Ligand code: M6R
């Protein structure tokens, strides 16, 4: 959840580190710090709170040096405080460490170190690592890191440096991502690509159990046991501008506006010109193998899980096979019924979510083949899965996922049509209609943003006054309603519940009173009348209803306080359109309430701990 950045080269390290931390703040942000090595001395600057607190301190102290490490923290062991923030040192400021993950045996290590006379100044697990380096150092940092790493249990990515060898950074990875960026006479270390993207697009992606010794002259890669490694350089195809706000007030609204473009990237090269078929070249599974699966399991967390719920409707509708959708933290601990006959699809924007990664391993242990749907190329989940389809959303910085969700849906649409064609569960004519409609989706999303943004800007204040909101819908609309409620909760702190429209009367209707805001999604024609009755039920109890509808049917419009119309498309494709107004609603309510939109309280972008 935390972010790491490191630099070695000829430039002033402090500004490069602060710039990198700015790009990483979405990973975790209760405190931050940097340490620079300069003329046999280490200077550490750290501050609790937002990154600008650290920036002020750095402006004041002006730490010097052309090599350094930095960290943004999201507290796990020890409360957010300046002493608990990284970088950590041993008793003297000789060995400095930044670390992501958890050192599970830190208490026993700490006990031993205390008995050896070490004094601790924080409550963190990481500090034990700095003291261990200090205790075990015999004049060779690389050897010391290998020896010390052998004593660690848990998951970690860390970078260390010492004043005794002020020409190198050592980066180690186990179960937490770490990359080394290759510049011209300069090198970078980072937990995530955006931190270094403005400096280089060439990186080494470390695998578990690997380490890199990074100097100004190059990188030596090896296993922690000392076996040298040859690794290909990976070229990142993200544009550095994608990780900047580009004039928008927040990353979230920028990312909402990027959706038409990111959808175009998701379908680029994947739909035949004649609209006859979906082309998923990266999928290693042959049509015969795909045909063999009688059951699909989709496993994910949060918004990615919600994309799986939409996929259940699609796949069951188009492919006619049974789909189970599970939350990764539940799946991993409940002995799920998967085997060689099950295709397990895991979905993760970051590719690093700890529970989803554990689900990959659990499914593979049970003999299932795992297909990952992910955004971050080279991240752990796609690397461990058997197959991967990338969603190509580009870097998503806002904690609240928008363009990644919509691209996940697009990939599920592509996959469902592909499977349906293989299984011959839909006619060629139907496939062609769906493909033609899919090609139109990016323009339709652009249209919805244009048409509805102003509307939401204006009536967000009505929602902001309330403490509760409800989202209702049937079928696919219900799956999208869940995502709408999550968006509102996570960034505007407004309590939002999502219900299948027909379920309200079994209890929740008791919560509906005068002016309570209800968002009703009503796009599914086969159940439109039923949904309309449910809208009337809540209206009769005083609710103020905003409807997201497929076309402005009079009887629907009459019943609603606000209407958002989405353009005509195949009924099964509506979810990719209906979610857009819900994202805008959440955004403008959060802005109206003065919330920290991109970095909501208590949350981090990638959840790499359980
Ligand atoms: O990186 P992942 O897709 O695995 O992340 C899963 C969830 O943590 C994530 O979708 C979370 O729910 C978002 N904050 C939602 O906006």
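The values are calculated or read from the model by the stated rules, or taken from the named source; none is laboratory data. As the structure is a prediction and not an experimental result, all values here were calculated from the model. Every residue, glycine among them, receives a Cβ derived from its backbone with ideal geometry; neighbour counts consider all protein chains shown.
If I filter region 301-312 for residues that are more than 30 Å from residue 239 (Cβ to Cβ), assigned by TED's automatic domain parsing to the domain that holds residue 574, in a helix (DSSP H, G or I) and in contact (Cβ under 8 Å) with a residue 40 or more places away in the chain, do I get at least one hit?
Yes, region 301-312 has at least one match.
Among 360, 376, which is part of a helix (DSSP H, G or I) and either in contact with a strand residue (DSSP E or B) (Cβ under 6 Å, 6 or more places away or on another chain) or surrounded by 21 or more Cβ atoms within 10 Å (Cβ to Cβ) (or both)?
From the options 360, 376, the qualifying one is 360.
Out of the residues in region 533-563 that are buried (at least 20 other Cβ atoms within 10 Å of the Cβ) and part of a helix (DSSP H, G or I), state the one that is modelled with the lowest pLDDT.
Here the residue is 556.
Spot the failing condition for residue 252; the list is (1) touching a residue at least 60 places away in the same chain (Cβ under 8 Å); (2) more than 19 Å from residue 379 (Cα to Cα); (3) exposed (fewer than 12 other Cβ atoms within 10 Å of the Cβ), and only one is missed.
Answer for residue 252: the failing condition is (3).
Give me a count of the residues in region 203-229 that are outside any strand (DSSP E or B) and under 26 Å from residue 153 (Cα atoms).
Going through region 203-229 one residue at a time, the tally reaches 9.
Can you tell me which residues in region 482-532 are touching a residue at least 60 places away in the same chain (Cβ under 8 Å), within 16 Å of the ligand (Cβ to nearest atom) and not in a loop (DSSP other than H, G, I, E, B)?
Matches in region 482-532: 482, 483, 484, 486, 487, 488, 490, 491, 492.
So, residue 338, is that one farther than 22 Å from residue 479 by Cα, part of a loop (DSSP other than H, G, I, E, B) and either within 14 Å of the ligand (Cβ to nearest atom) or touching a strand residue (DSSP E or B) at 6+ places or on another chain (Cβ under 8 Å) (or both) or not?
Considered against the rule, which asks whether it is farther than 22 Å from residue 479 by Cα, part of a loop (DSSP other than H, G, I, E, B) and either within 14 Å of the ligand (Cβ to nearest atom) or touching a strand residue (DSSP E or B) at 6+ places or on another chain (Cβ under 8 Å) (or both), residue 338 comes out as yes.
So if I check each of 177, 166, which one is in the same structural domain as residue 215 (by TED's automatic domain parsing), at pLDDT below 95, touching a helix residue (DSSP H, G or I) at 6+ places or on another chain (Cβ under 7 Å) and within 30 Å of residue 236 (Cβ to Cβ)?
Result of the check over 177, 166: 177.
Checking residue 91 against (1) surrounded by fewer than 21 Cβ atoms within 10 Å (Cβ to Cβ); (2) within 29 Å of the chain's Cα centre (by Cα); (3) under 21 Å from residue 123 (Cα atoms), which test does it fail?
In the conditions (1) surrounded by fewer than 21 Cβ atoms within 10 Å (Cβ to Cβ); (2) within 29 Å of the chain's Cα centre (by Cα); (3) under 21 Å from residue 123 (Cα atoms), residue 91 misses (2) alone.
Any residue at all in region 21-32 that is in contact with a helix residue (DSSP H, G or I) (Cβ under 9 Å, 6 or more places away or on another chain), closer than 24 Å to residue 162 by Cα, surrounded by fewer than 17 Cβ atoms within 10 Å (Cβ to Cβ) and assigned by TED's automatic domain parsing to the domain that holds residue 176?
No; the residues of region 21-32 include none that is in contact with a helix residue (DSSP H, G or I) (Cβ under 9 Å, 6 or more places away or on another chain), closer than 24 Å to residue 162 by Cα, surrounded by fewer than 17 Cβ atoms within 10 Å (Cβ to Cβ) and assigned by TED's automatic domain parsing to the domain that holds residue 176.
Just one of (1) touching a residue at least 40 places away in the same chain (Cβ under 8 Å); (2) within 16 Å of the ligand (Cβ to nearest atom); (3) on the phi < 0 side of the Ramachandran plot; (4) touching a strand residue (DSSP E or B) at 6+ places or on another chain (Cβ under 8 Å) trips up residue 329, so point out which.
(4)
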